[in-house]
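Report on one structure; see the data block that follows.
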Amino acid sequence: MPSQTAASTSDVDAVVHALTETRARTRVLVGHLDEATLDRVHTPLMSPLVWDLGHIAAFEDLWAVRAFAGEPLLREDLAQVYDAFETPRADRGDVPYLRRREAFDYLDAVRERTLAAIARRGVDPLLHELVIRHEQQHGETMLQTMELARLPAPADALDPPLVDRGAGSGAARSPGVGGLELVTVAAGPATVGAGPVATEGFSYDNERPRHPVGLAAFRIGRTPITNATFLTFVEGGGYERREWWSREAWAWKEEHDIERPSGWTTDGREWRLDSCVPLDPDKPVVHVSWFEADAFARAHGARLPTEAEWEKAATWDHATGAARRHPWGEGDARGRANVDWRRYGTAPVGAYAAGAAPSGCLGMVGDVWEWTASEFRGYPGFVADPYREYSEVFYGPDYRVLRGGSWATRARVATATFRNWDYPQRRQIFAGFRIAKDAP
């Protein structure tokens, strides 16, 4: 990460505002949960919620105080406890993490140090952006834990639920016919990835450098696959047809008795946080693994898009010969994408028509992360920054890439070049998918 740079008063004000707004959202997210709920290991797959709070504080102290201002850590004794690489999720319930009151006190004390350092030295827009986005990403992680544990969301969402007027009438009403309608993306060049941080602002190391790609023509789903369309796959024996599953996927499915997406019930309902609600046929299917997405695609004579195809469909404007910053162009995500956990759930596909990409694809940002066919690897010319453990140690065939963000992703994180990754069997992510095919 670049070293400290000169910053104007407006830069300082913007950073302080973002830090303050992010912390307020974190507190609202978990402030209604009691001590026992925050302290509990709800599942070995996830951290105790209170561990996330302590980790947020420790990360901020490391980068916004020690790295930025050269001061010693407030709690050196907690460095290993809250090191995400040294203390994997399965072990976090056994380490001496701070409990509720102590964790909130730690957050407050570190924030005082951060603001004092900013008052003395100004800001490094890139380093402080790293801290802001880190906390925002843990908000989504905590929402994953809350959904797995069936914990309630805060009482008041920022926006009311967005429900299609014809919800319940089935996939035929959904734009993109439940995700099976494909649009054609022409052959030719495109660019993938983020540009230099010095000129284009913050991006993570695995997003860089921007590089040219040449792709054959392909077809890709106009929208993600909907609940109704995936339900047809389930009811049609999709989890029983061996020929649609890879050897590894079939072994996983059989070992864990997987018969439907995570959270779905046998009577046509699904768990969303602490509520079990009827499946909305027009909303995107969520909490499916890469294995399930791949099997569905095979069953339909299709495949998952590569991440280069996904990004070209999301951003490439053939008319200008350049990639857009967002699928919709310039401007923020409000009214264009379902992000920022404003409704604590997905919206019907096609609900954000103003967010359409040049290709005609809808919902490329927000609602659900989208599995791609690609393994998580560095781009040509990759350089680890600011530390190897953020991306490089995960490169290889074990992880698959997800793109686009979800309803639980903060808007400043859910960029068109952001790369998420996880094991192909994982289902805790707010993940869905769209299908692709080679063009004739």
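What to note about this one:
- Spin-label model, residue 265/residue 77: points 7 Å from Cα along the beta carbon direction are separated by 4.7 nm.
- A simple spin-label model places pseudo-atoms 7 Å from Cα toward Cβ; at residue 217 and residue 276 they are separated by 4.9 nm.
- Cα gyration tensor category, rounded, prolate or oblate, for region 254-358 with a/c compared to 1.5: oblate
- Computed FRET value (nearest 0.05) for residue 13 with residue 69, which takes r as the C-beta separation and R₀ as 22 Å: 0.70
- Within-11-Å neighbourhood charge of residue 310 [Cβ basis; K, R +1; D, E -1]: 0
- Added length on full extension, which subtracts the Cα-Cα distance from 0.36 nm per residue, residue 240 to residue 101: 45.1 nm
- Ranked order, 276, 361 - accessible area, probe 1.4 Å, largest first: 276, 361
- Accessible surface, the chain, averaged per residue in Å² (probe 1.4 Å): 41
- Label corresponding to Cα extents along the principal axes in Å when calculated from the structure given, among (1) 60, 51, 42; (2) 78, 41, 40; (3) 77, 53, 42: (1)
- Highest-fluctuation residue, 351, 90, 319 considered, GNM on the chain with Cα pairs under 10 Å: 319
- Accessible area of residue 46 in the full protein assembly, 1.4 Å probe (Å², nearest 10): 0
- Against the chain, whose longest principal axis is taken from its Cα atoms, helix 100-121 shows a tilt of about 70°.
- Solvent-accessible area, 1.4 Å probe, carbon plus sulfur percent, for region 1-151: 53
- Summing Cβ point charges (Lys, Arg +1; Asp, Glu -1) relative to the Cα centre of region 340-440 gives a dipole of roughly 280 debye.
- Note on residue 120/residue 343: beta-carbon distance plugged into 1/(1 + (r/R0)^6) with R0 of 41 Å gives a FRET efficiency of 0.55.
- Within region 50-87, GluC sites (Glu not before Pro) in DSSP loop having at most 10 other beta-carbon neighbours inside 10 Å: none
The values are calculated or read from the model by the stated rules, or taken from the named source; none is laboratory data. From a predicted model like this one, the values you see are computed outputs, not experimental measurements. Note that each Cβ is placed from the backbone with ideal geometry, even for glycine, and that neighbours are counted across all protein chains shown. Keep in mind that these areas ignore ligands, DNA and RNA; they rest on the heavy atoms of the full protein, side chains included. Shrake-Rupley method; radii C 1.70, N 1.55, O 1.52, S 1.80 Å.
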